[in-house]
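Chemist: Have a look at this one before I ask anything.
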Amino acid sequence: MKALFRTLTVSAALIMAAPSFAAENGTQEEASAMVKKAVAYLKANGKDKTLAEVSNNKGQFVDRDLYISVYDMNGNVLAHGTNAKLIGKDVSALKDADGKEFIKDILGKAKAAGKGTSDYKWPNPTTKEIQAKTVYFEKANDMVFSSGYYKK
């Protein structure tokens, strides 16, 4: 009986700990919801206000390891939630840790389908470790809004 009680206690502790661990990292659903929210913000507030809000690293488009990046159709960064130094830079030839030109992949898919996903490896802004990442993106007004979640 004591062994059963101990097993149930440990199981309960693990179950209770799981949501707090998961809450530290953004999810696929949260990343796509953030992109949709940013596109809706664009429609309601216009380009200038949207790009400024996306670039505010304490604003509504940065949440834990989730953030929005906005590119023009040539691969220039128009706004970035965690790295303001990238704004105005052409990142079209940027490669991930494995050499994948992921911005070209994102822009190609955005031109063809208007929205989609891309997988690549990138530094997690909260852990600074290179991790597998899936980004969800949508094209709006000749810009591409993207947000991705990191996979453990």
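Chemist: Would you check if Ser20 is modelled with pLDDT under 95 and part of a helix (DSSP H, G or I)?
Modeler: yes
Chemist: Can you confirm whether Lys128 is charged (D, E, K, R), free of Cβ contacts under 8 Å to residues at least 60 places away in the same chain and assigned to a helix (DSSP H, G or I)?
Modeler: For Lys128, the condition - charged (D, E, K, R), free of Cβ contacts under 8 Å to residues at least 60 places away in the same chain and assigned to a helix (DSSP H, G or I) - is not met.
Chemist: Still on this model: Which members of the range 104-119 meet the condition of being of a type outside the set (D, E, K, R) and surrounded by fewer than 21 Cβ atoms within 10 Å (Cβ to Cβ)?
Modeler: Once the filter is applied, which keeps residues that are of a type outside the set (D, E, K, R) and surrounded by fewer than 21 Cβ atoms within 10 Å (Cβ to Cβ), the range 104-119 yields Gly108, Ala112, Ala113, Gly114, Gly116, Thr117.
Results for (1) without any contact (Cβ under 8 Å) to a residue 24 or more places away in the chain; (2) hydroxyl-bearing (Ser, Thr, Tyr); (3) closer than 22 Å to Asn25 by Cβ, shown as yes or no for each residue.
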{"site": "Val77", "(1), (2), (3)": "yes, no, no"}
{"site": "Gly81", "(1), (2), (3)": "no, no, yes"}
{"site": "Ile87", "(1), (2), (3)": "no, no, no"}
{"site": "Asp105", "(1), (2), (3)": "yes, no, no"}
{"site": "Gly108", "(1), (2), (3)": "yes, no, no"}
{"site": "Asp119", "(1), (2), (3)": "yes, no, yes"}
{"site": "Val135", "(1), (2), (3)": "no, no, yes"}
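Chemist: For the range 91-102, does any single residue satisfy the condition of being assigned to a helix (DSSP H, G or I), modelled with pLDDT of 95 or more, closer than 25 Å to Lys152 by Cα and in contact with a Lys or Arg (Cβ under 9 Å, 6 or more places away or on another chain)?
Modeler: Within the range 91-102, one or more residues are assigned to a helix (DSSP H, G or I), modelled with pLDDT of 95 or more, closer than 25 Å to Lys152 by Cα and in contact with a Lys or Arg (Cβ under 9 Å, 6 or more places away or on another chain).
Chemist: Let me ask you something else. Among residues belonging to the range 139-152 that are within 14 Å of the chain's Cα centre (by Cα) and crowded, with 19+ Cβ neighbours inside 10 Å, point out the one that is farthest from Tyr41 (Cα to Cα).
Modeler: Tyr150
The values are calculated or read from the model by the stated rules, or taken from the named source; none is laboratory data. All figures in this text were calculated on a predicted structure; none of them were measured in a lab. Note: ideal-geometry Cβ built from the backbone for every residue, glycine included; neighbour counts use all protein chains shown.
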